[in-house]
Amino acid sequence: MALGLAAKKEIVAEVSDIASQALSVAVAEYRGMEVSELTELRVKAREQGVYLKVVRNTLAKRALADTKFSDLESALTGPLIYGFSIEAPGGAARLFKDFAKTNAKLNVTALSIGSGLLGPDKLDAVASLPTRDEALARLLATFKAPVGKFVQTINEIPSKFVRVLAAIKETK
């Protein structure tokens, strides 16, 4: 079904708007996948806060041209599905990585976190990026560790004194 100029402009505007809000984008080839598998992928994407879209590559190139993901242009060949991570930088990569474990027909071809084009070999690194909550928890643990060690050290002085008194009591 051919798209009219107005529909193409609408698609480009929608993808461009999502790309401007996204933290990262993952691009995967879905050749050979069935509709039920794509539906399952879309359901998982909604649950994880990832925006999925199948778009013609020419329209995607126009939509991504003025965004931080413009470097993806060279990787846009073949039937592709675009995953935009809205909530966590590794969301789309994690989604595609997990889904590819059960479906070998989904092949990640490119990734971008806004700092350049990354190949499919970087999928594990991007997928392991922490979510916002995980990053905050790690930061809090980093702040808490020195205080905890200080309290433990201060508490050790009276504890050692009590142990010495107990040892003297046992010897007498």
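The values are calculated or read from the model by the stated rules, or taken from the named source; none is laboratory data. Just so we're clear, the structure is a prediction, and the values are computed from it rather than from any experiment. Cβ atoms come from the backbone with ideal geometry, glycine included; neighbour counts cover every protein chain shown.
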Close pairs (9 angstrom Cβ cut-off, 6 or more residues apart or separate chains): of a type in the set (Phe, Trp, Tyr) in the stretch 99-111, surrounded by 15 or more Cβ atoms within 10 Å (Cβ to Cβ) and in a strand (DSSP E or B) anywhere = Phe99/Ala28
Collect the residues in the stretch 46-85 that are assigned to a helix (DSSP H, G or I) and either surrounded by 22 or more Cβ atoms within 10 Å (Cβ to Cβ) or free of Cβ contacts under 8 Å to residues at least 40 places away in the same chain (or both), keeping them in residue-number order.
-> Arg46, Glu47, Asn57, Thr58, Ala60, Lys61, Ala63, Leu64, Ser70, Leu72, Glu73
Scan Ser16, Ser36 and give me the residue that is under 18 Å from Asp98 (Cβ atoms), in the same structural domain as Leu80 (by TED's automatic domain parsing), assigned to a helix (DSSP H, G or I) and not charged (D, E, K, R).
-> Ser36
From the residues in the stretch 86-95 that are part of a loop (DSSP other than H, G, I, E, B) and not acidic (Asp, Glu), which one is surrounded by the fewest Cβ atoms within 10 Å (Cβ to Cβ)?
-> Ile86
